[in-house]
Amino acid sequence: MAAGEPLIVLDAMGGDHAPAEPVRGAVLAARELGIRVALVGRPEDVERELARHGPRPAGLEVVPAAEVIAMDEEPARAAFRKRDSSIAVGLRMLKEGRADAFVSAGNTGAVMAAAIMQLNRIRGIERPTLVALMPVRGRLTVLLDVGANADAKPHYLLQWAQMAVAYLERVWKVERPRVGLLNIGEEETKGNALAQEAHRLLRESGLNFVGNVEGRDITRGLADVIVTDGFTGNVVIKTMEGMAELIQDLLREAIASRWYYKLGALLLLPAFNQLRRRMDYREYGAGPLLGVDGLVFVAHGRSDALAIRSALRVAREAVRSGMLDALRELSPARA
């Protein structure tokens, strides 16, 4: 792309609330932040949603895509067969240099499969990785991998840590991010063969490695980057999501059980709202798909307009920060 305001491609058909929420998020991003957005999707659906929001903001365009990959479709097959899907068209724009970054809240597996097919991997990176963003104690913690690679080799974990550090430094301006290895104990001799060898590689890497991090430590803010294999990471992130929902449900039930609890809840409402804001994933928008040769961001399937707006903001910052060049310049570990 030419110098100037980056163009961010948004999958308008991706997510549980598409196209309504992606389109509304794009309108917010264009109006409030001046972000240029290309909405990719079925034109009639996208235009109908745009009409609900009054005059079209400057810098917002619609790019036709006839097909949609549903959230429950088999990812690799859908990515291969649906060459005119909103995901495929958006990634093709990125590949051809007609856009600077791509954002989707759609089928995560399909985004990853299509990104690898169209963009290829960054030279030296053997496995791309999915990143989960976790607001912890007032700051951002990233957990990876969270599902892209159920099986991993020790040097994969080192590569992922290197890329996550570059991401935090460039996009979130974190100085010398602390890297932790998810394990079953603090001692370097703990864990399986994968964990023990990954510990050695991370210790010798020159990264700001703080050692092993146990499951109970994830929410304590001991590390900015927590690295593990995709099987473990996926179980962790989904368990945390389930526990958060359980705690919210139990709290609501408890408050509703007594009238004076309801009164107390009214008094504590400002504190509850403050806590909700500090833990709101929507402020962080989308996690990067690290390792593919392009800036690709995957938002939560439940993303609403505010989350999409944040995702577009983060994608623009990634472009401006030179994040992709920084990833290309890494000297990753190899087997």
Practice problem: Assess whether R200 counts as being over 17 Å from G287 (Cα atoms), surrounded by fewer than 21 Cβ atoms within 10 Å (Cβ to Cβ) and in contact with a Phe, Trp or Tyr (Cβ under 9 Å, 6 or more places away or on another chain). | Solution: no
Quiz item: Which one is modelled with the lowest pLDDT among residues in the range 108-156 that are in contact with a Ser or Thr (Cβ under 6 Å, 6 or more places away or on another chain) and closer than 24 Å to S85 by Cβ?
Solution: A148
Quiz item: Which numbered condition trips up E73, out of (1) under 23 Å from R316 (Cα atoms); (2) crowded, with 18+ Cβ neighbours inside 10 Å?
Solution: (1)
Quiz prompt | Residue selected from the range 239-266 under the condition among the β-branched types (V, I, T) and either open to solvent by 70 Å² or more (accessible area, probe 1.4 Å) or under 33 Å from the mean Cα position of the chain (by Cα) (or both), by the criterion nearest to G147 (Cα to Cα) | solution = T239
Quiz item: Of the residues that make up the range 159-166, is at least one within 23 Å of A115 (Cβ to Cβ) and more than 19 Å from the chain's Cα centre (by Cα)?
Solution: no
Quiz item: Before we move on, is T232 in contact with a strand residue (DSSP E or B) (Cβ under 8 Å, 6 or more places away or on another chain) and buried (at least 19 other Cβ atoms within 10 Å of the Cβ)?
Solution: yes
Quiz item: Checking G147 against (1) open to solvent by 30 Å² or more (accessible area, probe 1.4 Å); (2) closer than 12 Å to L289 by Cα; (3) part of a helix (DSSP H, G or I), which single condition isn't satisfied?
Solution: (3)
Quiz item: Pick from the range 92-111 the residues that are touching a strand residue (DSSP E or B) at 6+ places or on another chain (Cβ under 6 Å) and hydrophobic (A, V, I, L, M, F, W, C): which of them is surrounded by the fewest Cβ atoms within 10 Å (Cβ to Cβ)?
Solution: M93
Quiz prompt | Failed item in (1) hydrophobic (A, V, I, L, M, F, W, C); (2) closer than 16 Å to S303 by Cβ; (3) open to solvent by 30 Å² or more (accessible area, probe 1.4 Å); (4) not in a helix (DSSP H, G or I), with V62 passing the rest | solution = (2)
Practice problem: Any chance you could count how many residues in the range 31-59 are surrounded by fewer than 21 Cβ atoms within 10 Å (Cβ to Cβ), free of Cβ contacts under 8 Å to residues at least 60 places away in the same chain and not charged (D, E, K, R)? | Solution: 9
Quiz item: For the range 165-195, what are the residues that are of a type in the set (S, T, N, Q) and either open to solvent by less than 80 Å² (accessible area, probe 1.4 Å) or modelled with pLDDT under 90 (or both)?
Solution: N183, T189
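The values are calculated or read from the model by the stated rules, or taken from the named source; none is laboratory data. Predicted model only: the values in this text are computed from it and were never measured. Please note: Cβ atoms are built from the backbone with ideal geometry, for glycine as well, and neighbour counts cover all protein chains shown. Heads up: the accessible areas ignore ligands, DNA and RNA and are worked out on the full protein's heavy atoms, side chains in. Shrake-Rupley method; radii C 1.70, N 1.55, O 1.52, S 1.80 Å.
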